[in-house]
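See below for the structure under consideration.
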């Protein structure tokens, strides 16, 4: 069974000379795109895909962090945010004529 996720990664303190290797390692684990490196050396990316084979978010996060550290050759801070996209919390707002009159009345 596969589950659809949005994953984002934030890497802080990466050696500028290892950024390309880190990106490639991360992309080998998840289809990250739209990489952004800010002026303070924080590297971020995100993408949506499926976790398969019963892998949990935490198992994926560990696997991704290990791949990034291996490519970097030393520690850098890795933050991974996982959002399960198949069952997001949502709110429904339905407006009737009373709401229309109340919301459009002059203050």
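Just so it is clear, none of the values below were taken in a lab; they were calculated from the coordinates. In this text the structure is predicted, and so the values were computed from the model without any measurement. Cβ placement follows ideal geometry from the backbone for every residue including glycine, while neighbour counts extend to all protein chains displayed.
Residue 73 - would you say it is in contact with a helix residue (DSSP H, G or I) (Cβ under 9 Å, 6 or more places away or on another chain) and at positive phi? Yes, satisfied. Scanning region 65-91 for residues that are over 17 Å from residue 28 (Cβ atoms), under 16 Å from the mean Cα position of the chain (by Cα) and in contact (Cβ under 8 Å) with a residue 40 or more places away in the chain, we see that the one that is surrounded by the fewest Cβ atoms within 10 Å (Cβ to Cβ) is 86. Restricting region 19-32 to residues that are touching a helix residue (DSSP H, G or I) at 6+ places or on another chain (Cβ under 8 Å) and loosely packed, with under 14 Cβ neighbours inside 10 Å leaves a set whose member that is farthest from residue 86 (Cα to Cα) is 24. Out of the residues in region 34-52 that are in contact with a helix residue (DSSP H, G or I) (Cβ under 8 Å, 6 or more places away or on another chain) and surrounded by fewer than 17 Cβ atoms within 10 Å (Cβ to Cβ), which is nearest to residue 85 (Cα to Cα)? Among those residues, the one meeting the criterion is 37.
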